[in-house]
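The values are calculated or read from the model by the stated rules, or taken from the named source; none is laboratory data. Note that the coordinates shown come from a computational prediction; the quantities given were computed from them, not determined experimentally. Cβ placement follows ideal geometry from the backbone for every residue including glycine, while neighbour counts extend to all protein chains displayed. Surface accessibility is based on the protein's heavy atoms, side chains included, excluding ligands, DNA and RNA. Shrake-Rupley method; radii C 1.70, N 1.55, O 1.52, S 1.80 Å.
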Amino acid sequence: MSIVHEGNSRLGYFGHDIICLIANEKNESVETILDHIWKGDVVHYIVDKYKDFEYLDAATYEQYDYSNLEMIFGKYYNIEITHDVKPRIGIKDLEKDGLFILLDIILKELSGE
């Protein structure tokens, strides 16, 4: 399938999908999300893991090149649990609140911080 959009145009939509996952009680550990940010594949990880989730349109995801999105999240490779995650984002449950890290990054990027 040919790619019709690059990742940057999808950041807001990806954020909505993360909200939908959280609202439907899906969760990821902080360690898992940070590990995938460090590896540079966090978007691919989420899309692949939840591709069968009823609210995500897998066919839409096949049309996007996520290298730009991965680069956006990759800028945050230096996030630390003790400095950034717990005090700044307010995460309490390290086993379940990893998706909030992605929302925090998306909000920073969309607001131009």
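Between K75 and S111, how many nm apart are label points set 7 Å from Cα along the C-beta direction?
Taking the two extended label points, one gets 1.5 nm.
Tell me the accessible surface of D97 in square angstrom (1.4 angstrom probe, heavy atoms of protein chains only), to the nearest ten.
30
Suppose R0 equals 22 Å; then what is the FRET efficiency for K96 and D48 from their Cβ-Cβ distance, rounded to the nearest 0.05?
Once the sixth-power term is evaluated, E becomes 0.65.
With a 1.4 Å probe and every protein chain left in place, tell me how much accessible area I33 has, in Å² to the nearest 10.
In the full protein context, I33 sits at about 0 Å².
Of S29, S111, S67, which has the most accessible area and how do the rest follow, probe 1.4 Å?
S111, S67, S29
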